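I have placed the structure first, in the form of structure tokens, so that the comments after it can refer back to it.
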Amino acid sequence: MSKAIISPSVLASDLSNLASECKRMIASGADWLHMDVMDGNFVPNITMGAPILSCVRDNVPDIFMDCHMMVADPAKWVPEVAQAGGKSYTFHYEATDDPSGVISLIHSHNMRAGLAISPETPSSVITDSLGNAADLLLVMTVRPGRGGQKFMPECLEKVTDLRKRFPGKNIQVDGGVGAGNACQCAQAGSNVLVAGTAIFGSKDPKKTIEEMRSTADDALAKGV
């Protein structure tokens, strides 16, 4: 299995200085930056869209934008996010009747395709064909739409199931993740950790990222 990937969630950053915050995270050792795009429809909150992603791309050219699309029509935004510099485009299974078609569309725009499931959605909806087609599988460990929620450990059972079925896949967890439970997430089978408040709110984000990476790598190396 791959080593841990740390993707700080910019929803917890100082959004008035977004480019600077992204640079600060990269300097602190972040692998990716998790960009939460919310449309006020699929989830009640509204955050950012392609124009803001473009500005970040222009000011932080080496960034890997891990775009988490909490939107009601995921296919609609694929071209714009690709043009804005998105590297990975994760959409919600619950938001479309044609997840396979959306994955194909994402790939046609030269982005990695991620498939997310919310806490109420069982991992069994990710069939072998869907899981094999996607580049990343995201298990939400909070309800999508707002930051700062408490981690839901019961969701990790889905991570374990997906890891057994897709041993070489990037499996991401998002919501309430930090240094205190990074090991627990990795033991369940997650190698991509999204953390917002735990990193951006840390007095020493570099140390926090190092702690998360070290504990997750140790768990992953034991052959989850």
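The values are calculated or read from the model by the stated rules, or taken from the named source; none is laboratory data. Worth saying up front: this structure is predicted, and the values here are computed from it rather than measured. Note that each Cβ is placed from the backbone with ideal geometry, even for glycine, and that neighbours are counted across all protein chains shown. All accessible areas refer to the heavy atoms of the entire protein, side chains included, with ligands and DNA or RNA removed. Shrake-Rupley method; radii C 1.70, N 1.55, O 1.52, S 1.80 Å.
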Using a 1.4 angstrom probe, figure out how much accessible area segment 1-113 has per residue, in square angstrom, rounded to the nearest whole. 43 Å²
Hey, with R₀ at 30 Å, roughly what FRET efficiency would ALA27 and LYS150 work out to, going by the Cβ-Cβ distance, to 0.05? 0.55
Percent antiparallel among DSSP beta bridges (both partners in the chain, rounded to 5): 5 percent
With θ taken as phi - 60° and the coefficients 6.51, -1.76 and 1.60, list the Karplus ³J(HN,Hα) couplings across segment 124-133 in order, rounded to whole Hz; mark glycine and proline as x. 5, 5, 7, 5, 4, 5, 5, x, 6, 6
Under a Gaussian network model of the chain whose springs join Cα atoms within less than 10 Å, the largest fluctuation of ARG213, ARG165, ARG143 belongs to ARG165
Taking r as the C-beta separation of SER100 and ASN41 and R0 as 25 Å, the FRET efficiency to the nearest 0.05 is 0.65
Along the dipole axis of the chain (charges at Cβ: +1 for Lys and Arg, -1 for Asp and Glu; origin at the Cα centre), the most positive-end residue among PRO119, ILE171, HIS109 is ILE171
Rounded to whole angstrom, the alpha-carbon centroid of segment 68-125 lies from that of segment 195-217 at a distance of 27 Å
Over the chain: helical MRE at 222 nm, DSSP H runs n ≥ 4 each giving -39500 (n - 2.57), nearest 500: -10000 deg cm²/dmol
Quantify, in whole percent, the carbon and sulfur part of the accessible surface of the chain (1.4 Å probe; protein heavy atoms only). 49 percent
Fully extended, how many nm does the chain gain between ASP128 and ASP62 (0.36 nm per residue separation, minus their Cα-Cα distance)? 20.4 nm
Just to check, using Stokes-Einstein with a Kirkwood Rh over alpha carbon pairs, what's the diffusion coefficient of the chain at 4 °C and 1.567 mPa s in µm²/s? 76 µm²/s
Gyration tensor verdict on segment 78-147 (Cα atoms; rounded if a/c is under 1.5, prolate if a/b is larger than b/c, oblate otherwise): oblate
Where labels lie 7 Å past Cα in the beta-carbon direction, separation of ALA72 and CYS55 in nm: 2.6 nm
Once phi for every residue in segment 7-16 is put through the Karplus expression 6.51 cos²θ - 1.76 cosθ + 1.60 (θ = phi - 60°), the whole-Hz ³J(HN,Hα) values, with Gly and Pro written as x, are 10, x, 8, 5, 4, 8, 8, 7, 5, 6
